[in-house]
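Since the structure comes first, as structure tokens, the remarks are kept for the end.
The values are calculated or read from the model by the stated rules, or taken from the named source; none is laboratory data. Since the model is a prediction, treat every value here as computed from it, not as a measurement. Counting neighbours? That spans all protein chains shown, and the Cβs are built from the backbone with ideal geometry, glycine included. Quick note on the areas: whole protein, heavy atoms, side chains included, nothing else; ligands and nucleic acids left out. Shrake-Rupley method; radii C 1.70, N 1.55, O 1.52, S 1.80 Å.
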Amino acid sequence: MTLQIAQVNAVEILDSRACPTLAVTLTTNDGTRTRAGVPSGASTGSREAVELRDGDQSRYRGQGVLGAVGHVNDEIAQALAGHTFASAADVDRTLIELDGTDTKHRLGANALVGVSLAAWHLEAALAGTELWQHLAHSAGTEPRLPVPHFNVVNGGAHATNDLDFQEFMLAPLGAPSLAEAVRAGAEVYAQLRARLAAEGHATGLGDEGGFAPAIDRPEDVLQLLVDAITDAGYTPGRDGVAIALDPAASEFRQPDGLYRVAGQALSSDQLIDRYEAIIDRFPVWSIEDGLAEDDWPGWVRMTERLGDRVQIMGDDIFVTNPAIITEAISKKIANSALIKVNQIGTVTETLDAMRICREADYTQMVSHRSGETDDAFIADLVVGTGSGQIKSGAPARGERVAKYNRLIEITAAHPSLPYSLAAS
Ligand code: PGA
Ligand code: ZN
């Protein structure tokens with residue numbers, strides 16, 4: 001099967017934070033059309049592929065993407081339209097070569113991501129299969145429904161409160177099915193809102209749909225979560241609803257190398273001590289970006305000390321980059337990777353990063369960005385690759401639930417698909 005693309009079109013749309021992003025459409029001669037929306041992060045890793053923003057302060061405070069849109073409609077369209085490609089991977093290779101930079105800053109990673117996502121959608125459509133089935137076929141993986149991780153309290157760069165840790169997630173590890181996991185997430189979310197209101201906290205939301213109360217100690221948030229899990233009738237812990245953290249520590253590391261948490265300045269080892277105390281006291285099963293992206297010696301020690309007890313996941317430190325992940329694996333850093341297509345720029349490179357993790361027995365979690373659209377590609381990506389974990393924010397807000405709802409639809413149509421954390 002080949003891909004013959006007739007038209008390539010991008011427009012500037014809005015993401016979930018009122019910030020411009022791209023929607024890309026690919027069309028074939030017979031009228032098959034696919035569309036992709038491009039996500040965007042706020043607490044980005046410094047080695048991520050580079051989003052192209054216009055910098056024109058007279059529009060959207062410099063955040064416009066008309067330059068990236070122009071690259072899709074001109075240079076990329078010329079390279080793709082009217083040409084025949086062996087596969088979507090072949091389209092990705094063409095995009096990477098056309099851009100020609102290591103960081104994809106010339107055409108813009110946001111331009112490339114949109115075209116890449118739409119190309120994989122197109123290949124699946126032309127093959128007459130569901131996207132997740134097509135991705136499984138291409139990657140040689142066993143499809144599996146993932147355990148959803150619901151970000152129900154937002155801090156850090158995603159909220160205006162004083163909470164330094166960025167994400168507090170519900171992980172319904174004990175749920176027997178995806179649908180029951182979603183139900184647990186939504187029921188605990190409702191109980192959490194009630195509890196926050198009862199204790200006099202604001203119940204306004206952060207960027208990912210979680211609550212953003214004026215609480216600064218992470219332990220106080222964790223206690224609230226445990227109480228809300230209990231209120232909702234679930235058992236806090238791995239047999240019921242566990243908790244995952246993404247402190248996003250690069251964001252609260254100070255120039256002097258110390259980490260500022262709830263008014264205290266902590267060394268790497270003191271912060272690891274704090275995590276250890278948290279794990280002793282609360283049902284936390286996973287810690288993402290517990291230390292800053294450039295604190296590699298700290299990461300080695302954190303993995304040594306906590307890696308047998310919890311999942312130690314790299315996001316900003318790995319940026320879905322196959323070369324960085326390979327280097328980190330050789331240094332025994334972390335035991336798990338967060339996966340975001342727009343950190344690296346194409347689906348092909350993302351699948352490569354995922355394969356490297358699988359081969360090293362590193363677990364993986366597929367992730368949305370804090371700035372999102374209604375695009376649900378990541379739901380198909382996580383199912384097709386059998387990665388076993390996804391995070392897409394709270395069980396609230398349209399751009400967040402679009403992904404969970406897509407998972408529910410997949411499981412409803414394919415009830416025999418396994419549901420669990422991946423084996424490794
Ligand atoms: P971001 O946050 O999309 O703002 O980078 C998500 C995360 O850190 O996991
Ligand atoms: Zn993160």
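Relative contact order of the chain: what whole-number percent is it, with Cα pairs under 8 angstrom and at least 6 residues apart?
Values: 964 pairs, mean separation 84.8, N = 424.
Relative contact order here is 20 percent.
Assuming a viscosity of 1.567 mPa s and a temperature of 4 °C, what translational diffusion coefficient in µm² per second does Stokes-Einstein assign to the chain, Rh being the Kirkwood radius over Cα pairs?
Estimated diffusion coefficient is 60 µm²/s.
Multiply the residue gap between His105 and Gln254 by 0.36 nm, knock off their C-alpha separation, and tell me the result in nm, one decimal place.
Residue separation times 0.36 nm, minus the Cα-Cα distance, leaves 50.9 nm.
Between Arg309 and Met1, take the C-beta separation as r, use R0 = 45 Å, and let me know the FRET efficiency to the nearest 0.05.
Numbers: r = 47 Å, r/R0 = 1.04.
Using R0 = 45 Å, I get an efficiency of 0.45.
As a test, work out the antiparallel percent of DSSP beta bridges whose residues both lie in segment 236-345, rounded to the nearest 5.
30
With +1 on each Lys and Arg Cβ and -1 on each Asp and Glu Cβ, how big is the dipole of segment 108-205 about its Cα centre, in debye rounded to the nearest 20? Mind dumping the intermediate values first?
Values: 4 positive and 9 negative charges, 31 e Å.
Magnitude of the dipole: close to 140 debye.
Once every DSSP H run of n ≥ 4 in the chain is given -39500 (n - 2.57) and the sum is divided by its residues, what mean residue ellipticity at 222 nm do you get, rounded to the nearest 500 deg cm²/dmol?
The per-residue figure over the chain is -11500 deg cm²/dmol.
Counting pairs of alpha carbon atoms under 8 Å apart in space and at least six apart in sequence, what relative contact order in percent does segment 174-215 give?
22
What order, most packed first, do the peptides 361-367, 415-421 have when packing is the mean number of other Cβ atoms within 10 Å of each residue? Provide the component values of the computation, followed by the final result.
On the way: 361-367: 23.7, 415-421: 13.1.
Taking the mean over residues of other Cβ atoms within 10 Å, the ranking is 361-367, 415-421.
Where nothing but the Cβ of Lys and Arg (+1) and of Asp and Glu (-1) is charged, how large is the charge dipole of the chain around its Cα centre, in debye to the nearest 20?
Using Cβ point charges on Lys, Arg, Asp and Glu, the chain gives about 480 debye.
Dipole of the chain (Lys/Arg Cβ +1, Asp/Glu Cβ -1, origin at the Cα centre): which of Val91, His121, His71 lies farthest to the positive side?
Looking along the dipole axis, the top candidate is His121.
Accessible area of the chain with a 1.4 Å probe: how many percent of it is carbon plus sulfur?
With neighbouring chains kept in place, the figure for the chain is 48 percent.
Over the Cα atoms of segment 1-157, how large are the radius of gyration and the largest Cα-Cα distance (Dmax), in Å?
Using the Cα atoms of segment 1-157, the pair Rg, Dmax is 16.6, 49 Å.
Which of the trypsin sites (Lys or Arg not before Pro) found in segment 61-127 are loop residues per DSSP with 16 or fewer other Cβ atoms within 10 Å of their Cβ? Spell out each step's value before the answer.
Working: sites: Arg61, Arg93, Lys104, Arg106; in loops: Lys104, Arg106.
Counting only loop positions with at most 16 other Cβ atoms within 10 Å, the trypsin sites (Lys or Arg not before Pro) in segment 61-127 are Arg106.
Give the ranking of Thr44, Thr346 by solvent-accessible surface, highest area first, calculated with a 1.4 Å probe.
Largest to smallest exposure gives the sequence Thr44, Thr346.
Write down the accessible area per residue of segment 15-152 in Å², having rolled a 1.4 Å probe over the full set of protein chains.
Result: 39 Å² per residue.
Tell me, what ³J(HN,Hα) does each residue in segment 279-293 have, in order and in whole Hz, if you take phi through Karplus 6.51 cos²θ - 1.76 cosθ + 1.60 with θ = phi - 60° and put x for Gly and Pro?
So the J values, rounded to whole Hz, are 5, 5, 9, 10, x, 7, 10, 8, 10, 9, 6, x, 10, 6, 5.
So, in nm, how far is label Ser330 from label Asp74 when the simple model puts each one 7 Å beyond its Cα toward the Cβ?
Computed distance between label sites Ser330 and Asp74 equals 4.1 nm.
Could you rank Asp289, Asp294 by how accessible they are, 1.4 Å probe, largest area first?
Details: Asp289 5, Asp294 105 Å².
Largest to smallest exposure gives the sequence Asp294, Asp289.
Please work out the FRET efficiency for the pair Ile13 and Glu276, using the Cβ-Cβ distance as r and a Förster radius of 35 Å; give the result to the nearest 0.05.
Calculated transfer efficiency: 0.20.
Around Gln311, which amide H atoms from residues at least 5 apart in sequence, or from another chain, sit under 5 Å from its own amide H, with H modelled in the peptide plane?
Ser286, Ile287
Quick one: accessible surface of Lys331, probe radius 1.4 Å, all protein chains present, in square angstrom to the nearest 10.
Here the accessible area works out near 90 Å².
Among DSSP beta bridges lying fully in the chain, give the percent that are antiparallel, nearest 5.
60
Which whole-number percentage describes the relative contact order of segment 285-424, with Cα contacts under 8 Å and a sequence gap of 6 or more?
On the way: 210 pairs, mean separation 24.1, N = 140.
This gives 17 percent for segment 285-424.
Rolling a 1.4 angstrom probe over the protein chains, ignoring ligands and nucleic acids, what is the accessible area of Val153 in square angstrom, nearest 10?
Accessible surface of Val153 is approximately 0 Å².
Can you tell me how segment 311-424 classifies by the Cα gyration tensor, rounded, prolate or oblate, using a/c under 1.5 as the rounded cut?
Prolate shape, in that a/c is at least 1.5 and a/b is the bigger ratio.
Need the list of lysines near Lys403 for cross-linking: C-alpha distance under 17 angstrom, and skip anything on the same chain fewer than eight residues off.
Within reach: Lys340, Lys391.
Can you tell me the 0 to 90 degree angle between the C-alpha axis of helix 88-99 and the longest principal axis of the chain, rounded to 10?
90
Sorting Asp15, Asp231 by accessible area (1.4 Å probe), largest first, what list results?
Details: Asp15 15, Asp231 70 Å².
Solvent-accessible surface, decreasing: Asp231, Asp15.
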